[in-house]
Amino acid sequence: QQQVKQSPQSLIVQKGGISIINCAYENTAFDYFPWYQQFPGKGPALLIAIRPDVSEKKEGRFTISFNKSAKQFSLHIMDSQPGDSATYFCAASTGYGGSQGNLIFGKGTKLSVKP
Amino acid sequence: DGGITQSPKYLFRKEGQNVTLSCEQNLNHDAMYWYRQDPGQGLRLIYYSQIVNDFQKGDIAEGYSVSREKKESFPLTVTSAQKNPTAFYLCASKPEGSYGYTFGSGTRLTVV
């Protein structure tokens, strides 16, 4: 119940296309859903995050869509650029503190954007 | 600039030796975390600490040890009991009352 399942494992998109990465969860107590972006040899960096009281959040070319009833959320990268090539992780957690505040990560999606 | 510093960036050790990875933060964050990253495995939690002098095991704590003597520091020791220690290790921190993690740049440990 603590898992976050992420798909696909890898994704190749042409420049200018839309990249879509999906995640699913079981624990209905999760109330924070971030996406992290990681470049090779670097630590992950927070990209965008959503709470379950909204169905969509957009920041520039990056959008999170959240479907509470289906227990799924996804990251959409519009107008994908070669500089977006990285590994993307979804995650989920409950509450601010205690062990519930620990993020549970998906296994990651390696995105390659071809010029 | 505030952030998390992990050192060294690359570390090579012989099998059977203990090795300590450093993690220092100047963000005044209360909670600190150690994750291990292997290809296709995502980020797996090793240990975490929410206050000084207290820490808890994560999902894969066997063969690892930590200490939290100062708020700023959370070193990880990879012991000889860890059967497959070669991996990329990430340290993270989080302030009290917040969800968001800040990660360091990682240490790549290779055991030969």
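Remarks
- Within segment A:16-35, restricting attention to residues that are farther than 16 Å from A:Phe62 by Cβ and surrounded by fewer than 19 Cβ atoms within 10 Å (Cβ to Cβ), the residue that is modelled with the highest pLDDT is A:Ala24.
- Evaluation of A:Thr87 against (1) at pLDDT below 95; (2) crowded, with 16+ Cβ neighbours inside 10 Å (one fails), failing number: (1)
- Enumeration of residues in segment A:44-75 that are within 12 Å of another protein chain (Cβ to nearest Cβ), in a loop (DSSP other than H, G, I, E, B) and touching a residue at least 40 places away in the same chain (Cβ under 8 Å): A:Pro44
- Looking only at residues in segment A:1-23 that are under 12 Å from A:Ser74 (Cβ atoms) and assigned to a loop (DSSP other than H, G, I, E, B), the one that is farthest from the other protein chains (Cβ to nearest Cβ) is A:Ile18.
- Of residues in segment B:32-45 being touching a residue at least 40 places away in the same chain (Cβ under 8 Å) and more than 15 Å from A:Ala91 (Cβ to Cβ), the one nearest to the chain's Cα centre (by Cα): B:Trp34
- Residues of segment B:46-64 that are of a type in the set (A, V, I, L, M, F, W, C), surrounded by fewer than 21 Cβ atoms within 10 Å (Cβ to Cβ) and within 14 Å of chain A (Cβ to nearest Cβ): B:Ile51, B:Phe55, B:Ile60, B:Ala61.
- Residues of segment B:12-37 satisfying the condition of being charged (D, E, K, R) and surrounded by fewer than 13 Cβ atoms within 10 Å (Cβ to Cβ): B:Lys14, B:Glu15
- For A:Ala92, the conditions (1) in a loop (DSSP other than H, G, I, E, B); (2) buried (at least 20 other Cβ atoms within 10 Å of the Cβ); (3) within 14 Å of chain B (Cβ to nearest Cβ); (4) not acidic (Asp, Glu) are fulfilled apart from (1).
- Listed by first and then second residue, the pairs with beta-carbon distance under 7 Å, at least 6 apart or on different chains, first residue in segment A:10-26 and touching a residue at least 40 places away in the same chain (Cβ under 8 Å), second of a type in the set (A, V, I, L, M, F, W, C) and surrounded by fewer than 16 Cβ atoms within 10 Å (Cβ to Cβ), are A:Ile18/A:Met78.
- Those residues of segment B:73-104 which are among the polar types (S, T, N, Q), touching a strand residue (DSSP E or B) at 6+ places or on another chain (Cβ under 8 Å) and over 30 Å from A:Asp31 (Cα atoms), in sequence order: B:Thr77, B:Thr79, B:Gln82, B:Thr86
- Only a single criterion out of (1) touching a residue at least 60 places away in the same chain (Cβ under 8 Å); (2) more than 10 Å from chain A (Cβ to nearest Cβ); (3) buried (at least 16 other Cβ atoms within 10 Å of the Cβ); (4) touching a Cys at 6+ places or on another chain (Cβ under 9 Å) is not satisfied by B:Gln6, namely (2).
The values are calculated or read from the model by the stated rules, or taken from the named source; none is laboratory data. Remember, predicted model here, so these are calculated numbers, not experimental data. Here the Cβ is made from the backbone with ideal geometry for all residues, glycine too, and neighbour counts use every protein chain on show.
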